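All of the numbers you see were taken from the coordinates with simple rules; none came from a lab. Because the structure is predicted, anything quoted here is derived from the model rather than measured. Glycine gets a Cβ as well: all are built from the backbone with ideal geometry, and neighbour counts include every protein chain shown.
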Amino acid sequence: MVAITGIELLDWVDQTSRGWKKLTTAHPEVLTFPCDIRETKSVAELLQHIVAVELRFAERLNELTETSYESIPYDSVAAIYATHDRAMELLRPLLERDGEFWETVLEMKTRSSGIVRATRRTVLVHLLTHSIRHYAQLATLARQQGVPQNWPMDYIAMHAIR
């Protein structure tokens, strides 16, 4: 049994990202909220971290030259989510690849763990669950600052039978 496919997980991340794009467009002040998640100083920096991992890991999966972390913009909602959109464009065609492709081991240098060797499957799952994990942290922070989210972020909400 396949419990969840790469496409379903990617769709969940993309839907969650669209919700945050809509919220931060309506409340751009959220970008300035103080934040210390993953060595950041603001929510804008946390969002940069989220989309930077998406893009850089998508580039690794495609065997493309990685965009430097520092060059990934976070000065506006549009810039942040343009990076997310680019990552999704790189990932979607890969999801049609066969199992052998996904079991190929990649070696990569990461910012936090040094050199890591992992299958493409592991890299994809990390990339997608990494985004969800940080968006969950951001949800708490934004709520504490008086900006609640008005959409369900849990995976079950995507496929609930009503």
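Considering the options 65, 146, 105, tell which one lies farthest towards the positive end of the dipole of the chain, charges being +1 on Lys and Arg and -1 on Asp and Glu at the Cβ, about the Cα centre.
146
Only Cα pairs under 8 Å and at least 6 apart count here; give the relative contact order of the stretch 52-147 as a rounded whole percent.
Relative contact order here is 27 percent.
List the trypsin sites (Lys or Arg not before Pro) in the stretch 13-64 that DSSP assigns to loop (not H, G, I, E or B) and whose Cβ has at most 16 other Cβ atoms within 10 Å. Which are they?
In loop regions of the stretch 13-64 (DSSP not H, G, I, E or B), the sparsely surrounded trypsin sites (Lys or Arg not before Pro) are 41.
If the chain between residue 118 and residue 65 were fully stretched, how many nm would it gain, using 0.36 nm times the residue separation less the Cα-Cα distance?
Details: separation 53, 0.36 × 53 = 19.08 nm, distance 1.78 nm.
Stretched out fully, the residue 118 to residue 65 stretch lengthens by 17.3 nm.
What stretch of the chain, leaving out the sites themselves, is the longest with no GluC sites (Glu not before Pro) in a DSSP loop having at most 15 other Cβ atoms within 10 Å?
It works out to 1-62.
What is the projected area of the convex hull of the Cα atoms of the chain, averaged over all directions, in nm²?
10.3
Determine the dipole magnitude for the stretch 6-157: charges of +1 sit on the beta-carbon of Lys and Arg, -1 on that of Asp and Glu, nothing else is charged, the reference point is the Cα centre, and the result goes in debye to the nearest 20.
300
According to a simple spin-label model (label point 7 Å from Cα along Cα-to-Cβ), what is the distance in nm between residue 98 and residue 143?
4.6
Let me check against my output: what whole-number percent is the relative contact order of the chain, with C-alpha pairs under 8 Å and at least 6 apart?
Details: 150 pairs, mean separation 41.2, N = 162.
Relative contact order of the chain: 25 percent.
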